[in-house]
Amino acid sequence: MMRTIFVATGNASKFKEIKDIVQRYDISAQMPGIEIDVQEGVVSYEENARLKASYLTSKLGIDALGEDSGIEIPALNGFPGVISARFVEGSDQDRNAALLAKMQLLKPGDRKAVFKAFVVITLKSGGYLTGYGELRGRINDIPMGSNGFGYDPIFIPDGYDRTLALLPGDEKNSISHRRKAIESAIKQYVEHIKQFKIQH
Ligand code: ITT
């Protein structure tokens, strides 16, 4: 029987990526149908991911997966980092434009960027599992492409000459920070399920 895990996100694009990735482990992802009513902090991705997942686990008594991610520009001391989704109000396009404007203040060679993702799976039986992943690349001069979400139109992964928004979704999912973070946490989760079955 396929196991279902509830995903503590309000971001539909992120949910679709998570669903496609966990499916490879015979786990089906489901949106909880309630708002994840947590105040995200500015300290760490891990803390935010845990807040989101544990909100669902304590509210509904289920195993839940929370993810927090962001993009960091080393030449801007890691900005925008944990506030990637909210450093400028408005749309993804508005935030891309704001980040490109900040990049113009830097030397032309300073375009390195890294996506980071933390995944936390909180268990109804107590405790939690974590996974981390990153994807290195650079910021393009202009937005290109319409696949994906967020900063995908302005991010070119290392080894590629196109933005993530120009890659098919399954290709992004094969290299992404989210994929690596989920893979690490889900492998532990699959082990947890096996152990749990042995004990019960
Ligand atoms: P939830 O908190 O409800 O999960 P959110 O969009 O608010 O959804 P985060 O707080 O984790 O998510 O913010 C992550 C932001 O970082 C996201 O909104 C994008 O702007 C950016 N980001 C993360 N992963 C990305 C990716 O794969 N491609 C493009 N942008 C990404």
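One table, with the values for the structure above:
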| item | result |
| --- | --- |
| Filtered residue count, the range 1-42, keeping only those that are part of a helix (DSSP H, G or I) and of a type in the set (S, T, N, Q) | 2 |
| Members of the range 16-52 found to be of a type in the set (A, V, I, L, M, F, W, C) and either over 23 Å from Glu191 (Cα atoms) or open to solvent by 30 Å² or more (accessible area, probe 1.4 Å) (or both), listed by number | Met31, Ile34, Ile36, Val38, Val42, Val43, Leu51 |
| The range 25-54, residues that are of a type in the set (D, E, K, R) and under 17 Å from the mean Cα position of the chain (by Cα) | Glu40, Glu46, Glu47, Arg50, Lys52 |
| Members of the range 52-105 that are touching a residue at least 60 places away in the same chain (Cβ under 8 Å), among the aliphatic types (A, V, I, L, M) and part of a helix (DSSP H, G or I) | Ala53, Leu56 |
| Subset of the range 130-166 (residues that are touching a Gly at 6+ places or on another chain (Cβ under 8 Å), under 30 Å from Lys187 (Cα atoms) and more than 11 Å from the ligand (Cβ to nearest atom)) | Ile156, Asp158, Tyr160, Leu166 |
| Subset of the range 123-159 (residues that are touching a strand residue (DSSP E or B) at 6+ places or on another chain (Cβ under 6 Å) and not in a strand (DSSP E or B)) | Asn140, Tyr151, Ile154, Asp158 |
| Residue satisfying all of: in the range 167-184; assigned to a helix (DSSP H, G or I) and closer than 18 Å to Lys112 by Cβ; nearest to the ligand (Cβ to nearest atom) among these | His177 |
| Test: residue in the range 13-26 that is over 21 Å from Ile182 (Cα atoms) and more than 10 Å from the ligand (Cβ to nearest atom) | no |
| Arg162 being open to solvent by 30 Å² or more (accessible area, probe 1.4 Å) and assigned to a strand (DSSP E or B) | no |
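Okay, residues lined up against (1) at pLDDT 95 or above; (2) open to solvent by less than 40 Å² (accessible area, probe 1.4 Å); (3) on the phi > 0 side of the Ramachandran plot:
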{"site": "Ala98", "(1), (2), (3)": "yes, yes, no"}
{"site": "Arg111", "(1), (2), (3)": "yes, no, no"}
{"site": "Ser125", "(1), (2), (3)": "no, no, no"}
{"site": "Ser146", "(1), (2), (3)": "yes, no, no"}
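The values are calculated or read from the model by the stated rules, or taken from the named source; none is laboratory data. These numbers were taken from a predicted model, which means no experiment stands behind them. Cβ atoms come from the backbone with ideal geometry, glycine included; neighbour counts cover every protein chain shown. When the accessible area is computed, the model is the full protein with side chains, heavy atoms only, and any ligands, DNA or RNA have been set aside. Shrake-Rupley method; radii C 1.70, N 1.55, O 1.52, S 1.80 Å.
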